[in-house]
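The values are calculated or read from the model by the stated rules, or taken from the named source; none is laboratory data. Just so it is clear, the model here is predicted, and its values are computed rather than measured. Methodologically, a virtual Cβ is constructed for each residue, glycine included, from the backbone with ideal geometry; neighbour enumeration extends over all protein chains shown.
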Amino acid sequence: MVHLSGISKQYGNRTLYKNGSFQINDGEKIGLVGPNGAGKTTIFKIITGEEGIDSGSISKSEKTRIAYFSQTIEAMSGRSVLEEVKTAVGNIPEIQARLAEMEAQLCEPMDDDAMAKLLEEYGERQAEFERLGGYDLDSRVAEILTGLGIMPEDHHRDTKEFSGGWKMRIALAKILIQNPDVLLMDEPTNHLDLESIIWLESWLVSFKGAILMTSHDREFMNRIVSKIVEVANKTITVYSGNYDFYEREKSVRKEQLIAAAKRQEEMLAKEEEFIARFAARASHAAQVQSRVKKLEKIDRIEIPPEEKDIQFVWPNPQRGGDEVLKIERLGKTWKTQEGKEKLIFKGADALVRRLDRVAVVGVNGAGKSTLLKIVTGQTEPSEGVSTVGANIEVGYFSQNSLDILDPNSTVFDEVHHRIPNSSVGYVKSLLGAFKFSGEDADKKISILSGGEKSRVVLATIMARPVNFLVLDEPTNHLDIASREVLLDAIKKFPGTVMIVSHDRHFLREITTKVFELDKNELLVTEGSWDYYLEKKTKASQ
């Protein structure tokens, strides 16, 4: 369907890839991976024709319908959500209007030739309308919007009433409704809650077309793709398997490459020794020249630079009491803009014990962030009490935490300012563990991405001797490598954790207890993430 052969792409003196090749076959589901800045988004733009290539070729049939979901959304206003999504599907409204017009004409008397001509056009337009899914378009749009978390009561609201995150969901719905031959998706799970991610995952698994996508959600990638295309170190490499297979296979290939490089190095050393020994002897001139030419033709094996794996050592917090948090008859009601009261949850009872890893889950708007704000004293409950135990020091992360960073400060200065009694070496080690090494530590906060800012805030929280971490969506905007760093740090954390996250792999690795907010109530499950899912599945049967 889409073939990229021997492509090279440069920006100024910077090479993204040289002589890279891969193809997207009919119905294939492919994960596109690689470090930030390696050129993943450029691959999408090359396929759509937004960007050219310096050499090589790209071939695709003119009939191949390609849809591209990016993180850039166009302005939306003046239409309802339903109508906005419908605009993505060809010219259905125009066809619908023309069909109605022709149906009216067919009721009028006309000669046979005119009737035949009109019937022919009517048949063509009707076939096109059917191909575009015009007859069930409204129901399909409604199904996709609801699956992405936009409820039926909101389908007729003007798009201008929605925030950027919700507009991203509308933009995603516009891509899905097109039902293309090839679906290009750049981080489709950003801004989605867990329920919407699971719905999208199911939709993509049953999607008949081909998919090429990036995602920071490891489990999402594992469940959908059966092939990985890696863009890294100026090369494009293909792996036949999901993300877990790619990680294992990449490690094996690297070991083989290191072994091959060692053998080549030993061979080159012998050849160079021969040349050096006999270069001055006329009797060996031909042999020496032959070996010199041989060495000139050899492609030297290059080992990709290894990312330094810096281990983070937690500061030793004081030992808190066994009862870290006690919630009794807790409730919260918000006032709406219209002055009405909106119940978030009520009558919540729960206990968090020392060293618990509590996953807080629930649909969008269920009150997860509200619960964490009450626990950390950011807002008052409407009823009941939330009591933090004796000698408990809380470290709280929320998306608002990013706003307190000084945009004019460097990464190093920002972190050092927050832990002033720490040595320069400790701060550098801490930043290295959160993937800010070398020049990255001197970057201004103002130029950092959302994910980089999150890592700065997380580093400052974890550098303090807290014994109760309360984390609201810490994995948002983090790539898979950064999520693994955070996951490893939390596994080694010598205290208690309460976390909201949509990353199922993350939750599966750490959870010992689940707090689920559902229908204004708090339900507690003692056990792992898998036990919680199993219990939930049985309850729904």
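Which count do you get for residues in the stretch 352-367 that are touching a residue at least 60 places away in the same chain (Cβ under 8 Å) and either farther than 19 Å from ILE490 by Cβ or small (Gly, Ala, Ser) (or both)?
The qualifying residues number 6.
Which residue pairs have Cβ atoms closer than 7 Å, lie 6 or more positions apart in sequence or on different chains, and pair a first residue in the stretch 428-454 that is on the phi > 0 side of the Ramachandran plot with a second residue that is buried (at least 17 other Cβ atoms within 10 Å of the Cβ) and assigned to a helix (DSSP H, G or I)?
From residues that are on the phi > 0 side of the Ramachandran plot, the pairs are LYS435/ARG455; LYS435/SER482; LYS435/VAL485.
Look through THR87, THR72 and report the one residue that is of a type in the set (Ser, Thr, Tyr), under 30 Å from THR146 (Cβ atoms) and in contact (Cβ under 8 Å) with a residue 60 or more places away in the chain.
The unique qualifying residue is THR87.
Rundown of residues vs (1) touching a residue at least 40 places away in the same chain (Cβ under 8 Å); (2) among the β-branched types (Val, Ile, Thr); (3) in a loop (DSSP other than H, G, I, E, B), yes/no style:
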position: MET185; (1), (2), (3): yes, no, no
position: THR189; (1), (2), (3): yes, yes, yes
position: GLU195; (1), (2), (3): yes, no, no
position: TRP199; (1), (2), (3): yes, no, no
position: LYS208; (1), (2), (3): yes, no, yes
position: ILE228; (1), (2), (3): yes, yes, no
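Please work out which one of (1) free of Cβ contacts under 8 Å to residues at least 60 places away in the same chain; (2) under 23 Å from ASP503 (Cβ atoms); (3) out of contact with any Phe, Trp or Tyr (no Cβ under 7 Å at 6 or more places or on another chain) is the condition ARG140 fails and give its number.
The one condition ARG140 does not meet is (2).
Which residues, taken from the stretch 494-515, are crowded, with 20+ Cβ neighbours inside 10 Å, in contact (Cβ under 8 Å) with a residue 40 or more places away in the chain and of a type in the set (A, V, I, L, M, F, W, C)?
Selection gives VAL497, MET498, ILE499, VAL500, LEU507, VAL514, PHE515.
Yes/no per residue for (1) more than 28 Å from ASP488 (Cα to Cα); (2) in a loop (DSSP other than H, G, I, E, B); (3) aliphatic (A, V, I, L, M):
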position: ILE301; (1), (2), (3): yes, yes, yes
position: PHE345; (1), (2), (3): yes, no, no
position: ALA350; (1), (2), (3): no, no, yes
position: SER369; (1), (2), (3): no, no, no
position: LEU372; (1), (2), (3): no, no, yes
position: ALA390; (1), (2), (3): no, yes, yes
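Between a residue in the stretch 371-397 that is on the phi < 0 side of the Ramachandran plot and β-branched (Val, Ile, Thr) and any residue that is surrounded by 19 or more Cβ atoms within 10 Å (Cβ to Cβ) and not in a strand (DSSP E or B), which pairs come within a Cβ distance under 6 Å, given they are 6 or more apart or on different chains?
Within 6 Å, the pairs are ILE374/PRO381; THR379/LYS373; ILE392/GLY320; VAL394/THR376.
Could you check how many residues of the stretch 69-93 are surrounded by fewer than 11 Cβ atoms within 10 Å (Cβ to Cβ) and aliphatic (A, V, I, L, M)?
Residues flagged as surrounded by fewer than 11 Cβ atoms within 10 Å (Cβ to Cβ) and aliphatic (A, V, I, L, M) within the stretch 69-93 amount to 1.
Of the numbered conditions (1) over 30 Å from GLY134 (Cβ atoms); (2) surrounded by fewer than 22 Cβ atoms within 10 Å (Cβ to Cβ); (3) modelled with pLDDT of 90 or more, ILE228 satisfies every one except a single condition; which is it?
Result: ILE228 passes all but (2).
Which condition number does ALA38 fail, the rest of (1) under 24 Å from ILE480 (Cα atoms); (2) surrounded by fewer than 12 Cβ atoms within 10 Å (Cβ to Cβ) being met?
(2)
What are the residues in the stretch 143-165 that are assigned to a helix (DSSP H, G or I) and surrounded by fewer than 18 Cβ atoms within 10 Å (Cβ to Cβ), if any?
GLU143, THR146, PRO152, GLU153, ASP154, LYS160, GLU161, GLY164, GLY165, listed by residue number.
Considering the stretch 94-132 alone, what residues qualify as being surrounded by 12 or more Cβ atoms within 10 Å (Cβ to Cβ) and under 34 Å from the mean Cα position of the chain (by Cα)?
LEU132
Looking at the structure I just gave you, is PHE69 touching a helix residue (DSSP H, G or I) at 6+ places or on another chain (Cβ under 9 Å), within 27 Å of SER206 (Cα to Cα) and among the aromatic types (Phe, Trp, Tyr)?
Considered against the rule, which asks whether it is touching a helix residue (DSSP H, G or I) at 6+ places or on another chain (Cβ under 9 Å), within 27 Å of SER206 (Cα to Cα) and among the aromatic types (Phe, Trp, Tyr), PHE69 comes out as yes.
Could you identify the single residue in ARG464, ARG455 that is surrounded by fewer than 21 Cβ atoms within 10 Å (Cβ to Cβ) and either not aliphatic (A, V, I, L, M) or not assigned by TED's automatic domain parsing to the domain that holds ILE344 (or both)?
ARG464
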